[in-house]
Amino acid sequence: MTAFSLEPAQLAWCAELRTLAAERLRPLADKGEPGHVNRALVAELGSLGLLGRLFTSGALDLCLMRESLAYACTEAETALALQGLGAHPVHAHGTQEQRARWLPGVADGTAIAAFALSEPGAGSDAAALELRAEPESRAEPESPQGEGPPAAPALAAAPDGPARWRLTGEKCWISNAPEADFYTVFARTAPGAGARGVTAFLVPADRPGLTGRGLDMLSPHPIGALDFDAVPVTADDVLGAVDRGFRVAMGTLNLFRPSVGAFAVGMAQAALDATLAHTAGRDAFGGKLRDLQAVSHQVAEMALRTEAARLMVHAAASAHDADAPDVPGRSAMAKLLATETAQYVVDAAVQLHGARALQRGHLLEHLYREVRAPRIYEGASEVQRGIIAKELYARQEVR
């Protein structure tokens, strides 16, 4: 298999996923409440074995899943992706105990995961995050009324550094918040150290001091803010190594960025197919809409860009699976091209459908709301361009 074609078995699997999305997942999605976790939908993804595949498949398989589900049910695609995004750091960097505690529930759809990186002042600039992880004081408390020997400290530090911290600050625009069961949280453990002073923590939702609120967003999936008021975490909650959490975040994003592009391609393909059907059947000016050269050329352009984006997504995913050295740049290119393409294709589809596409409940009205956010989350388009340029200049310096 190359990056430019799929095997018959892969094509058949994609067709099966589109059918499952339309027949089994779409009805559950329709019953969900916008802005809230649809646990019935997540559980069905688990029963179909799709969530478990998040931990056994490569980047290309993840892209095929996301594109195929997005074509027929964007809510199912997003539910699957959010489980993967929130739980991948646990799968890749967690201890045996962390993985045993949380991953089975993620796989069967009973534990909801979330990836908590963005903050009000640190969205695209992830290295600038300010959520503080402050080490517990080792000071010994005085005994009551100053009588007797001092009481033993409730929390102590390990010989090689703090074993316990308190998280204080805010996270914002976190998908699945505040309804997730656990969060992969990135906090600053070394002030002033930039990307080198960030640590990833696995934080269960029931930790004292952790509260959240939903945000009323354009996208229909749940997004919220989290407040951390001296939330306790210990060395047992660290994912990876202390002060090395930025690597955890970037490794996760390098895997998921091409699949964000796959999500966008699935939406673009759905919009394109709807436009083909509409323009072939719609009577206008003594013929069909497709007979107008301006319309047929527009449809051709939509198809051209969609296929180009799909190929770039597959190439980036294949590079990731092959552990190629240029994965960050390829991932950024795939996400950038595919999300910008989907915005163009969906907008063009709305234009060719006319006012009917803006009616609440129409497929294109739904896609028009869904397609905007991927150009921002997991690194806005401008950030992707910066990553691409950085990789290009770094490569030039090596020559």
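The values are calculated or read from the model by the stated rules, or taken from the named source; none is laboratory data. Since this is a predicted model, take the numbers as computed values, not measurements. Cβ atoms come from the backbone with ideal geometry, glycine included; neighbour counts cover every protein chain shown.
A few comments on the model shown:
- When residues of segment 216-242 are limited to those that are without any contact (Cβ under 8 Å) to a residue 60 or more places away in the chain and either of a type in the set (K, R) or surrounded by fewer than 18 Cβ atoms within 10 Å (Cβ to Cβ) (or both), the one nearest to T78 (Cα to Cα): D227
- Restricting the search to helices (runs of 4 or more DSSP H) fully inside segment 17-105 and requiring at least 3 residues that are more than 18 Å from N254 (Cβ to Cβ) and more than 18 Å from the chain's Cα centre (by Cα) gives 26-31, 39-47.
Matching residues to (1) in a helix (DSSP H, G or I); (2) within 21 Å of G123 (Cβ to Cβ):
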| position | (1), (2) |
| --- | --- |
| G192 | no, yes |
| T199 | no, yes |
| V203 | no, yes |
| A249 | yes, yes |
| T252 | yes, yes |
| R257 | yes, yes |
| F263 | yes, yes |
| Q269 | yes, no |
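- For segment 207-217, a residue qualifies if it is touching an Asp or Glu at 6+ places or on another chain (Cβ under 9 Å) and under 17 Å from R375 (Cβ atoms), but none of them does.
- Here the condition is being at pLDDT below 95, surrounded by 13 or more Cβ atoms within 10 Å (Cβ to Cβ) and either charged (D, E, K, R) or out of contact with any helix residue (DSSP H, G or I) (no Cβ under 7 Å at 6 or more places or on another chain) (or both); of P153, P120, it holds for P153 alone.
- Some residue of segment 27-34 being more than 23 Å from G261 (Cα to Cα) and buried (at least 18 other Cβ atoms within 10 Å of the Cβ): yes
- Out of A29, A122, A127, A114, one residue alone is without any contact (Cβ under 8 Å) to a residue 24 or more places away in the chain and either closer than 30 Å to A193 by Cα or not polar (S, T, N, Q) (or both). It is A122.
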